[in-house]
1. Consider the stretch 63-76. How many of its residues are crowded, with 17+ Cβ neighbours inside 10 Å and either touching an Asp or Glu at 6+ places or on another chain (Cβ under 9 Å) or within 18 Å of Glu23 (Cβ to Cβ) (or both)?
2. When you scan the stretch 92-182 for strands (runs of 3 or more DSSP E) that lie fully inside it, which ones turn up with 1 or more residues that are within 29 Å of Met1 (Cβ to Cβ) and modelled with pLDDT of 85 or more?
3. Is it the case, given these coordinates, that Ser83 is under 16 Å from the mean Cα position of the chain (by Cα), small (Gly, Ala, Ser), crowded, with 18+ Cβ neighbours inside 10 Å and under 30 Å from Arg129 (Cβ atoms)?
4. Checking the structure you have, find out if any residue of the stretch 27-35 is part of a helix (DSSP H, G or I) and touching a helix residue (DSSP H, G or I) at 6+ places or on another chain (Cβ under 7 Å).
5. Of Ile42, Ile13, which residue is among the aliphatic types (A, V, I, L, M) and either in a strand (DSSP E or B) or touching an Asp or Glu at 6+ places or on another chain (Cβ under 7 Å) (or both)?
6. Quick one: is Asp55 out of contact with any Leu (no Cβ under 9 Å at 6 or more places or on another chain), under 16 Å from Gly85 (Cβ atoms) and at pLDDT below 95?
Amino acid sequence: MYADIPDKIRELIEPVVEDHGYELMNVETQHGRQSVLMRITIDSRAGDGRVKVDDVAAVSREIETNLDAADAVDGVYRLEVSSPGLDRVLAREKDFAAACGCQVNIKTRRPLDGRRRFKGGLVDFRDGRVVLEVEGDRGVEKTTMAFDDIEKANVVYAFSSEDFVSTTEDGTGAAAIKNRERPGRRGRKGRTGTVPPSRQRAGGNRQGRTDD
């Protein structure tokens, strides 16, 4: 969650993101056996997920420079900067407010009614309270939780017929995802690969690449 980002890390990352005209949504770190993965999510100021691939690469390079200069991460780390993607992360209060009406996955910091994972429709968000409609033993039930109790959340993207277009002029043939880009993953040495649709990424390694 955005509020969980350490102040030192935020101060090194957020100004770079804002200078490029975007907003910092979240910073997530995962500790592997040989390296640390730092995953940074940025979004447009309009909150529509429209982040240019070249901007992602530029933001990644500048953030990496800042982290290295400040020696902010111990040891070897991998940096990944990306746009929100289809299953967009919900990390700020404004993200939850904008996602009302969507299906979401939520993991809480502590058990609520004996569980920590919830999936359902986000009905409302106001005054720091999230209202979900969740399938239960007695049908659809409303569950309310505090924003501060949420550890992680994301939208569950629902594909529709509008996401697909015919690949041939006569309307026959295989369907293709409409308006979905599949840019290559870019690293410090120009490493490329396949990434999920509509999720632009750039990443690199400090002190060389290490496979976990």
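The values are calculated or read from the model by the stated rules, or taken from the named source; none is laboratory data. Bear in mind that the values here come from a model prediction, so they are computed numbers and not experimental data. Note that we place each Cβ from the backbone using ideal geometry, even for glycine, and neighbour counts take in every protein chain shown.
1. Number satisfying all stated conditions: 1.
2. Numbers: elements: 103-112, 115-126, 129-136, 139-146, 150-155, 164-166, 175-177.
Hits in the stretch 92-182: 103-112, 115-126, 129-136, 139-146, 150-155.
3. Working: under 16 Å from the mean Cα position of the chain (by Cα): yes; small (Gly, Ala, Ser): yes; crowded, with 18+ Cβ neighbours inside 10 Å: yes; under 30 Å from Arg129 (Cβ atoms): yes.
In short, yes.
4. No, the stretch 27-35 contains no residue that is part of a helix (DSSP H, G or I) and touching a helix residue (DSSP H, G or I) at 6+ places or on another chain (Cβ under 7 Å).
5. Working: Ile13 fails: either in a strand (DSSP E or B) or touching an Asp or Glu at 6+ places or on another chain (Cβ under 7 Å) (or both).
Unique residue meeting the criteria: Ile42.
6. Numbers: out of contact with any Leu (no Cβ under 9 Å at 6 or more places or on another chain): yes; under 16 Å from Gly85 (Cβ atoms): yes; at pLDDT below 95: no.
No.
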